[in-house]
Amino acid sequence: MKSLMLFCKELLIELGSWCGTSTDLDIKHIEARFEHEGFSFLAITLPSFASDFQKSLDRGFVDHDLFNGFHFTSGLPRFLGGFLDLVFDRTSGRLLDEPNVTAIFAIRQITMAFGKVKLECSDERNQAAVDSYIKCEQDLRVSDKRFPDLIEDFQRIGRLLWTDLFTEIDRKVYYGELVPKHGPGTTADKLLGNQKFYQTEWTSRLEDVFPWDEHLVANWRYISANPVKVLEPGEERPVQVILVPKTLKTPRVIAREPTCMQYMQQGIFEAIQEGIAGSDTLTSLIGSTDQTPNQRLAREGSLTGALATLDLSEASDRVSNQHVRALLANHPHLLGAVDACRSRKADVPGYGVQRLTKFASMGSALCFPMEAIVFMTVIFYGIEQLLNRPLTKKDIKAHLGKVRTYGDDIIVPVGYVSSVVSALETFGFRVNAGKSYWTGKFRESCGKDYYDGHDITVTRVRSLFPARRKDVQEIVSTVSLRNQLYKAGLRRTAEYLDSMIGKLIPFPVVEETSPLLGRWNDEGITPERFHPHSHNPLVKGMVVKVELPRNEVDDHYALLKWFLKRGELPFADRNHLERSGRPSSVSIMTRWGLPF
C-alpha cells in the first residue's frame, strides 16, 4: 500500500506543476487520512469527491450539501483548493466564466485514479449487493402490475422500431437457420471450454423449439452415442448468481447460465447483431460492439449543450421479462425461441432458488442486446409523450444521430430529458442522477469524459502494484498503467512506475506494437543486439505467456466444433482440440524480441 501512496504523491506533484499550484497541503491531507482510513480513502472517499465535483460542474456552483467529510474555506473545499480555485470562485462557489480545463482534468485524475481497483469487498458490502439483487426482483413485481396500462403504446412504438429486425430473426428460427455456439465463460453446470461439447443436459422447453438431435450432434448417426437428458421445467438447472470483483465499494453481480441455455442464446444473439448491423437506422440507434459513436455524441453534447448523457442504475436487473415478451408478441417463433433459452430461476447466495421476474441477469448472452432494445423503446415512448402525438417512422429518422444507447449508456436531446427520465422511471428503471448530465458542459459515455469539447478522461489504477516478479497480473496491469500515463502526458508519474517495474523485470523502450512488456517513449529505441540472420534490432524484455485449461474434445464432438466454427479461416489456435476456455494461468518469461 505504501507504493500506492508514493504514486499518489507523484501524481499530485506533477498535476500541481501543470496547473501552477502547490500540493503540499493536499499531500499531507491524503497521507493523514490514508493512515487513519486505509485504502478505502483512495478507493471510496476520493471517488465520492469526484462525483460531487462533477455534480458541481453540472449545477454551475458548489453547494455545501456536497463534499461531505471535507472542510470548507469560504465557498469551496479546502482539499485540492489550489485546483478548485481555477474552476470555481472561492467566495461564491460559482463556476468561473472560463474554468481551467486542465485543473478540471487534474481534480478528476487525482480523485478517480483508485476507484476501479479490483479488490474483494467486505462481507457487508457483498451481502448488500445480493440484497439489492433480491430487492430489484421485488421492485419488478410492483412495476409489472403497472405495465398493462402502458403496453399498448409500448408495443406500437416497438413495432415502428423493431418489426423488420424481429421479422427476419423470426424467419430464421422458423427455418432452423440459427447456429448456436458456446461462450467463453464458465457455466452453472461447471463446464469449461471443450467440455461444453459433451453437454448431456437439455430442457423440454428448448426441445420444443431447438430439438437436441439437431443441435448437439454433428450427424444423426451419432445420436445414440450421445446420451442427453431432457429436463422438465421443474428439473431445470437454475442460473448461479455469483459476485466478482468490481471496486472496493461494491462487487459485480452476475449469473452463470446453464450450458444448454447459453449455447442457444449465443445463436439468437448473433442473429440480432447481424440484423442491427444490416440496418442503417438501427446501427445509428443502438451500439453493441463499437462505443465510439456514443463517445462522439457525448463530446458534441459537452460542446453544444444540445445532447444529454444518461446512466441507469442496476439496468439489466430491472428489465422485466414482460417488457421483452410484449415487444416480441407479434413474432411467435422468435418469442418462443427467446423464452425457451431464458432461465426462469436463480440460485442466489443466502436466499436459495428464486423465480425470476427480470428477463435475464448479466451472464446471459441476450441480456445486453435485449436491454438496449427495451431502453430505446422506452426512450421513444418518452419522446412521444412530449410531442403529444403518435410517433411515426419519419420522427424516428429525424432523431438519428441524436438518440443512441449502448447498453445503459443513453444519449438523448436535452429538450427531451425530463420526459425520457419520467418514462424510464414509469417503466421501473432508475436513472442514476449522479452519472447523468445535461445542464452543464460535462458529459460522459462509454468510458470517455468531456468538458466543453475537451477530452478529460482519466487513467485508472486497475490493480495493486507488484512487489515481486511472481505478481504477474499486477506487473502486466502496472505496465499498462505506466504507458497510459505516458500517453496522457504524465511523464514524471510514468517515470516513478519505471523505477518500480525496472526493479522486477527487464523494462526496455518499445513501440506500442511490440510483443514485449516495455515502456513507450518518444525518444526512440536503442537496440541491445541484432538478430544474427535477419539483422533485426532486438531488446531483452518479458513476454506474457497465457496457459489455457487442458480439456480435450475428440470424435464426433470435435466434428461438431468444426461445423459450428464461424468463417472460412482455420482455427487460430492449432491446439484448440486440446486446450480451450479462459486462461487458467498467466506467466511471464524473458526473451529477446522486436521492440516494434
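The values are calculated or read from the model by the stated rules, or taken from the named source; none is laboratory data. The shown structure was predicted, so the numbers you read here are calculated from the model rather than taken from an experiment. Note that each Cβ is placed from the backbone with ideal geometry, even for glycine, and that neighbours are counted across all protein chains shown.
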* Asked: How about the stretch 227-273: which strands (runs of 3 or more DSSP E) wholly inside it have at least 2 residues that are under 19 Å from the mean Cα position of the chain (by Cα) and charged (D, E, K, R)?
  -> 252-256
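Can you tell me how many residues in the stretch 424-474 are among the aliphatic types (A, V, I, L, M), part of a helix (DSSP H, G or I) and farther than 17 Å from Ser48 by Cα? Break it down stepwise before answering.
Of all residues in the stretch 424-474, those among the aliphatic types (A, V, I, L, M) come to 424, 431, 433, 456, 458, 461, 464, 467, 472.
Those left that are additionally part of a helix (DSSP H, G or I): 424, 433, 472.
Narrowing further to those that are farther than 17 Å from Ser48 by Cα: 424, 472.
Looking only at that region, the number is 2.
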* **Count of the stretch 297-339 residues which are more than 30 Å from Glu207 (Cβ to Cβ) and either part of a strand (DSSP E or B) or at pLDDT 95 or above (or both)** => 18
* Inspect the stretch 469-481 for any residue being surrounded by fewer than 16 Cβ atoms within 10 Å (Cβ to Cβ), more than 30 Å from Asp280 (Cβ to Cβ) and aliphatic (A, V, I, L, M) and give the result as yes or no. => no
* Structure fact -> Taking the stretch 61-76 and keeping only residues that are in a loop (DSSP other than H, G, I, E, B) and closer than 11 Å to Gly93 by Cα, one is left with Val62, Asp63, His64, Ser74, Gly75
* Can you name every residue in the stretch 210-229 that is crowded, with 18+ Cβ neighbours inside 10 Å and closer than 15 Å to Gly176 by Cβ? -> Phe210, Trp212, His215, Leu216, Val217
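For the structure I just gave you, tell me whether Met542 is in a strand (DSSP E or B) and surrounded by fewer than 13 Cβ atoms within 10 Å (Cβ to Cβ).
Answer is no for this residue.
Within the stretch 1-12, take every residue that is of a type in the set (A, V, I, L, M, F, W, C) and surrounded by fewer than 18 Cβ atoms within 10 Å (Cβ to Cβ) and give me the one that is modelled with the lowest pLDDT. Explain how you work it out, then say what you get.
So in the stretch 1-12, the residues of a type in the set (A, V, I, L, M, F, W, C) come out as 1, 4-8, 11-12.
Applying the additional criterion that residues be surrounded by fewer than 18 Cβ atoms within 10 Å (Cβ to Cβ) yields 1, 5-6.
Numbers: Met1: 72, Met5: 90, Leu6: 92.
By that ranking, first place goes to Met1.
Output yes when any residue across the stretch 368-379 is more than 17 Å from Leu282 (Cα to Cα), surrounded by fewer than 24 Cβ atoms within 10 Å (Cβ to Cβ) and out of contact with any Gly (no Cβ under 7 Å at 6 or more places or on another chain), and no when none is. Steps first, please.
Pass one, the stretch 368-379, residues more than 17 Å from Leu282 (Cα to Cα): none.
So far as the stretch 368-379 goes, no, none of its residues is more than 17 Å from Leu282 (Cα to Cα), surrounded by fewer than 24 Cβ atoms within 10 Å (Cβ to Cβ) and out of contact with any Gly (no Cβ under 7 Å at 6 or more places or on another chain).
If a residue must be surrounded by fewer than 19 Cβ atoms within 10 Å (Cβ to Cβ), in a strand (DSSP E or B) and touching a residue at least 12 places away in the same chain (Cβ under 8 Å), how many such residues does the stretch 510-537 contain?
Narrowing the stretch 510-537 to residues surrounded by fewer than 19 Cβ atoms within 10 Å (Cβ to Cβ): 511-513, 515, 520-537.
So of that shortlist, the ones also in a strand (DSSP E or B) come out as 520, 529-530, 537.
Then drop every residue that is not touching a residue at least 12 places away in the same chain (Cβ under 8 Å), which leaves 520, 529, 537.
Qualifying residue count for the region: 3.
If I filter the stretch 110-124 down to residues being hydrophobic (A, V, I, L, M, F, W, C) and modelled with pLDDT of 95 or more, which single residue comes out as farthest from Cys8 (Cα to Cα)? Quick ask: steps written out before the conclusion?
First, the residues of the stretch 110-124 that are hydrophobic (A, V, I, L, M, F, W, C): 110, 112-114, 117, 119, 121.
Add one more test, that the residue is modelled with pLDDT of 95 or more, and what stays is 110, 112-114.
Details: Ile110: 7, Met112: 11, Ala113: 9, Phe114: 9 Å.
If we take residues in the stretch 110-124 being hydrophobic (A, V, I, L, M, F, W, C) and modelled with pLDDT of 95 or more, then Met112 is farthest from Cys8 (Cα to Cα).
Evaluate the following for Pro549: is it more than 24 Å from Leu192 (Cβ to Cβ), surrounded by 11 or more Cβ atoms within 10 Å (Cβ to Cβ) and assigned by TED's automatic domain parsing to the domain that holds Arg491?
Working: more than 24 Å from Leu192 (Cβ to Cβ): no; surrounded by 11 or more Cβ atoms within 10 Å (Cβ to Cβ): yes; assigned by TED's automatic domain parsing to the domain that holds Arg491: yes.
So Pro549 fails the test.
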* Taking the stretch 22-37 only, how many residues are within 17 Å of Ser3 (Cα to Cα), surrounded by fewer than 16 Cβ atoms within 10 Å (Cβ to Cβ) and touching a residue at least 24 places away in the same chain (Cβ under 8 Å)? -> 1
* Among the numbered conditions (1) modelled with pLDDT of 95 or more; (2) not in a loop (DSSP other than H, G, I, E, B), tell me where Asp213 comes up short. => (1)
* Asked: Could you say which residue among Arg171, Arg205 is touching a Cys at 6+ places or on another chain (Cβ under 9 Å), at pLDDT 95 or above and assigned to a helix (DSSP H, G or I)?
  -> Arg205
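If only one of Ile254, Ile242 is surrounded by fewer than 22 Cβ atoms within 10 Å (Cβ to Cβ), touching a Leu at 6+ places or on another chain (Cβ under 9 Å) and within 23 Å of Leu140 (Cα to Cα), which one is it? Break it down stepwise before answering.
Working: Ile242 fails: touching a Leu at 6+ places or on another chain (Cβ under 9 Å).
Being surrounded by fewer than 22 Cβ atoms within 10 Å (Cβ to Cβ), touching a Leu at 6+ places or on another chain (Cβ under 9 Å) and within 23 Å of Leu140 (Cα to Cα) holds for just one of Ile254, Ile242, which is Ile254.
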* Structure fact -> For Ser288, the lone unmet condition from (1) surrounded by fewer than 19 Cβ atoms within 10 Å (Cβ to Cβ); (2) farther than 19 Å from Phe368 by Cα; (3) under 19 Å from the mean Cα position of the chain (by Cα) is (2)
* Looking at this structure, is Phe70 surrounded by 22 or more Cβ atoms within 10 Å (Cβ to Cβ), in contact with a helix residue (DSSP H, G or I) (Cβ under 8 Å, 6 or more places away or on another chain) and at negative phi? -> no
* Meets criteria (at positive phi and surrounded by 14 or more Cβ atoms within 10 Å (Cβ to Cβ)) for Gly593 -> no
* Across the stretch 246-263, what is the number of residues that are modelled with pLDDT of 95 or more and more than 19 Å from Leu356 (Cα to Cα)? -> 1
* Any residue in the stretch 125-145 that's assigned by TED's automatic domain parsing to the domain that holds Arg318 and surrounded by fewer than 18 Cβ atoms within 10 Å (Cβ to Cβ): show its pairings with residues that are in a helix (DSSP H, G or I) and modelled with pLDDT of 95 or more at Cβ separation under 7 Å, as long as the two are six or more apart or on different chains. => Asp144/Gln322
* To do: Could you please tell me which pairs satisfy a Cβ distance under 8 Å, a separation of 6+ or placement on different chains, a first residue in the stretch 331-358 that is in the same structural domain as Lys145 (by TED's automatic domain parsing), and a second residue that is surrounded by 22 or more Cβ atoms within 10 Å (Cβ to Cβ) and acidic (Asp, Glu)?
  => Ser343/Glu257; Lys358/Asp317
